[in-house]
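The values are calculated or read from the model by the stated rules, or taken from the named source; none is laboratory data. The shown structure was predicted, so the numbers you read here are calculated from the model rather than taken from an experiment. Reconstructed Cβ throughout: ideal geometry from the backbone, glycine too, with neighbour counts over all protein chains shown.
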Amino acid sequence: MKWIRRVFVFLIILFVLGFLGSLLARLPVGDRVAVLRIEGVLVNSEPIVRKIESLKEDKSVRALVVRAESPGGSVGASQEIYRALERFKESKKPVVVSMGNVCASGCFYLAMAGDYIYANPGTITGSIGVIIQHTNVKELLE
């Protein structure tokens, strides 16, 4: 029975230390450089745009590093993220873009909002283009 109590007390201590650690991690400790990871296919820009806006308003954030690792995605999502980065720069805070293995198409587009852009020699990048798919129903209507 004593070992059960010891395990229980140990778990409580771990919980309290974890809780205190998470509180301390949220305290502003001075100027910071924020790192924002943009990964995967760009389809839903809303969470990324919200994060950029909150970092823009954060007085302790002095610069933003965007780690871009994406083959691209929808035009709308890419444009929205690009515009959010442009608004971030209006606060006179620099944006640094670090390209990962792949930063192509829409990801390349949003990277152009950076004040500084870094890529590895092997980074696959570029390829801005538009593909419009449509259905030709001319013969069907005839």
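Miscellaneous remarks
- Checking each residue in segment 90-101 for being closer than 22 Å to residue 40 by Cα and surrounded by fewer than 18 Cβ atoms within 10 Å (Cβ to Cβ) picks out 96, 101.
- Screening 83, 5, 87, 50 for residues that are at pLDDT below 90, surrounded by fewer than 17 Cβ atoms within 10 Å (Cβ to Cβ) and not aliphatic (A, V, I, L, M) leaves exactly one candidate, 5.
- In segment 8-42, of all residues being among the β-branched types (Val, Ile, Thr) and loosely packed, with under 11 Cβ neighbours inside 10 Å, the one that is modelled with the lowest pLDDT corresponds to 29.
- Boolean, residue 112 is in contact with a strand residue (DSSP E or B) (Cβ under 7 Å, 6 or more places away or on another chain) and either at positive phi or touching a residue at least 24 places away in the same chain (Cβ under 8 Å) (or both): no
- Checked against the criterion of being of a type in the set (A, V, I, L, M, F, W, C) and over 14 Å from residue 42 (Cβ atoms), the candidates 68, 111, 119, 77 yield just one match: 119.
- Selection from segment 47-84 of residues that are outside any helix (DSSP H, G or I) and within 24 Å of residue 123 (Cα to Cα): 63, 64, 65, 66, 67, 68, 69, 70, 71, 72, 73, 74
- Sub-6 Å Cβ pairs linking a first residue in segment 86-109 that is on the phi > 0 side of the Ramachandran plot to a second residue that is among the polar types (S, T, N, Q), at least 6 apart or interchain, are 105/127, ordered by first then second residue.
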